[in-house]
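Have a look at the structure below, then the notes.
Coordinate-derived values only; no laboratory data. Note that the structure is predicted; figures quoted are calculated from it, not measured. Backbone-built Cβ (ideal geometry, glycine too); neighbour counts: all protein chains shown.
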Amino acid sequence: MTRDISIVQGLRPAGDTRVSFGFSADVGGQVVTGPQKAAQRFILLFMTEVGSVFGQPTFGTEFMSALHTGQIRTDVDVELYFMSAAADVLAFYRGLPDGSVPPDEMITAINLVEFALSPGYLLLRVSLTTAAGASREVLLPVTDTVGV
Amino acid sequence: MTTQNIDLATLDEAAVQAQSEILAQLLREARPTLDVSPGTVIRQLVVNSSALFTELNENNLARLRSANSLLTATETPDTADASVVDQILSNHLVTRRAAKSSAGRVVIVLSQAITTPMSSSQKFTSLDGTVSFTVTDSFIGVTSVESVSSTGDRLITSRPGGLFGFVVDVVADVPGAAGDVRRGTRFVPAPRLAAFVDAYAESDFTQGVGQESTPELLARMELGIAAKAVSDRVSTVSLLQQNFPALQDVSLIGFGDSEMFRDRTNLFGESTGGKVDVYVRTRGTPLVTHAVKSAVLVSKSLKLWRLNFTRDEFPGMYRVESVLPKDSLAVGSFEVVSDTRSLDTSAIPGEFIPRIVSAAGGNYTRYQTAAVTFRDTLTDTTELFEGLSRQDYDIAVSTMPDLAELQTFVASRDRRAPGTDYAVRAAIPCFVSCGLVVYYRREYGVPDVEVIRDRVTDTVNAIKFSEPRLSVSLIVNTVHSVIGQNGYVDLPVDLRGALLLPGGSTVAVADTDALVIPEYPELGVSRRTVAFFLSREQVSIDLRPVTQWQT
């Protein structure tokens, strides 16, 4: 079992799981592991613009890039770009060395449960399933130039 | 220190990624419970950031190692760090030659003889605006001798045509050869001067040099490492160049060389050694110095006058370029009917005099004297007396500067090898002229003829001793470095040379392929002692548009 630094706050197994980023003063120094670590990694991957990390040109997805450039305007756009980004995340996991990720951290399915789209605001509820069968739902509040 | 690079954007992404993998593996081995795989916070925020600076430090270390390596600097001189190269070569007492600004004197012509003050910020700019000079001090043009009380006071004298003039000293604003203007180059003053008519260079300005580049400095490295003593050729050249930075080329003729004749002046005509002739080139082209000199009438009927030059006047001079009446604004020269060289090897206090037994053997050394006879067609000699009557003339004399100083230097008791005498000689000159016809394609614009002229003269004047020929192909290549593929040089090229032999005679050489230096070893003339000189005025360029470009 390996650990990572906890940077995604509000990540819980169930209930209102709206997340935020930061090293919280209340829970500073915490580490995560298991499904929670998997969810954190998914969030990092999903919300990093591909090509924005020097030295890791393929890390990330195009979802945030599409959002920033105004390509996500309708419900269909949200679903299309989400599916593409989810595929990229799953491909990333498949590319990791065999045995390097324990089953409870290996994400095998990503589903967009629901979302709310309005001018200047996008909220995604995402369900993550690991190889061990565990699930996590996360609420990603994405506020950007949506539909502008 | 410029070796250090702090720009992260210049790093290679693949190299950074590789560093990240290495650091991740190290961390994985040291802390097995930490997940440092891609996508984790530790990897993204900690390991990747560390990899950036690790790679940056590796780069800077490599740059430092490269810069500290004389071998690497020699192999890639253009990219070597200049400051580090300076530090390395300073260990061998080789220092980069600093830039030097050209300096000279400007004649200011006025319409009235009025007191003309000039502040120390007074500038003179060439008519084409390419080069500017500033006076070396504040000056005042004064109208009477009594008013001259300091070096900044310059007497205004009358000039032909009812004009007046005085002379000030100037130095180029920008170091380098661009400030090497020729005599007569005209200037515009700023601010403008009262009663100003004209301003021009009194003589050729002394040679300015740009700061020595790293490739040039490294080329001298061998000389720097050599022992600075008059022993072998490398060491001797090293010693001379260290003490005379303007020295462009040196050729040593010694025992066993066919050009060495001084050591054969014995009963048997055999070489005995112990003598070295040091041929030097201290300037790209000879320095033409203008002065006023008194001549004595030698023939009333033929109107012949004679200029006598002692060994201290224009040491080792090549020739009198022009003789004109004093203060004349005319161009051209009186006809020089004879130029006889002699020798003065009388003692100079504190100096060792090399053994030179013939006048020809003393040509182009500081021991040379000269008697130049010319015909003054303007002066009425009816009431004058041969051998007594004297008159001042404006003369222009071409020399290789620093000859006397070099002779004193190598012959000094402390420096001279005890068993040897040294005679410093100016390079035997081959004055070159070149005529070019250059075709250009209209659609690419007219080539800059002045740039072509400058490049061609620089190329020819850079030819070193021991190069046996000046090839036309060298000139053609130089022209193409300016015009590229947008034109061509029409062949044949008119290339001529006038070789001034010691002893006074001139050998004309001309060819459409190359000028080859003829060998006269008994006079010391060979490719090891002759230098090609090409001045800008001797380059004729005829630009013609191409009517139809064949493809």
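Specify, per residue and in Å³, the volume enclosed by the convex hull of the alpha carbon atoms belonging to chain B.
It is 262 Å³ per residue.
Given that compact globular proteins tend to follow 2.2 N^0.38 Å, what is the ratio of the alpha-carbon Rg of segment B:1-111 to that value? List each step's numbers first, then the result.
Numbers: Rg = 24.3 Å, N = 111, 2.2 N^0.38 = 13.2 Å.
Rounded to two decimals, the normalised Rg is 1.85.
Just counting partner chain Cβ atoms within 10 Å, what average do the residues of peptide A:46-57 show around their Cβ?
4
Run the numbers on chain B and let me know its relative contact order in percent, using alpha-carbon pairs under 8 Å that are six or more apart.
This gives 11 percent for chain B.
Average partner chain C-beta neighbours within 10 Å, per residue of B:10-20?
Average neighbour count from other chains, rounded to a whole number: 2.
What ranking, highest mean first, results for peptides B:184-195, B:382-393 when packing means the other Cβ atoms within 10 Å averaged over each residue?
Result, highest mean first: B:184-195, B:382-393.
How far apart, in nm, are the 7 Å Cα→Cβ label points at residue A:96 and residue B:31?
Result for the modelled spin labels: 1.8 nm.
Pairs to check: B:300/B:326; B:100/B:123; B:123/B:293. Give those whose C-alpha atoms are more than 22 Å from each other in this structure.
Checking Cα-Cα distances, B:123/B:293 exceed 22 Å.
So what is the 222 nm mean residue ellipticity for chain B from helices alone, if each DSSP H run of at least 4 adds -39500 (n - 2.57) and you divide by all residues, rounding to the nearest 500 deg cm²/dmol?
Numbers: 10 runs with 109 residues, N = 551.
Here the helix-only value at 222 nm equals -6000 deg cm²/dmol.
Just checking the output field for B:41-48: average partner chain Cβ neighbours within 10 Å of each residue's Cβ?
5
On full extension of the chain, what length is gained from residue B:111 through residue B:6, given 0.36 nm per residue of separation minus the C-alpha to C-alpha distance?
Residue separation times 0.36 nm, minus the Cα-Cα distance, leaves 31.7 nm.
With each label point set 7 Å from Cα along the Cα-Cβ vector, what nm distance links residue B:433 and residue A:127?
10.0 nm
Residue B:335 versus residue B:213, label points 7 Å from Cα toward the beta carbon: distance in nm?
About 4.8 nm, to one decimal.
With a cut-off of at most 15 other beta carbons within 10 Å, and DSSP calling the residue loop, which chymotrypsin sites (Phe, Trp or Tyr not before Pro) in segment B:301-332 qualify? Please list them.
none
Which FRET efficiency value, to the nearest 0.05, do you get for residue B:52 and residue A:49 by plugging their Cβ-Cβ distance into 1/(1 + (r/R0)^6) with R0 = 25 Å?
It comes to 0.90.
Report the residues of segment B:324-360 in range of a label on residue B:299: point 7 Å along Cα→C-beta, backbone N strictly under 13 Å from it.
Flagged as within label range: B:335-339.
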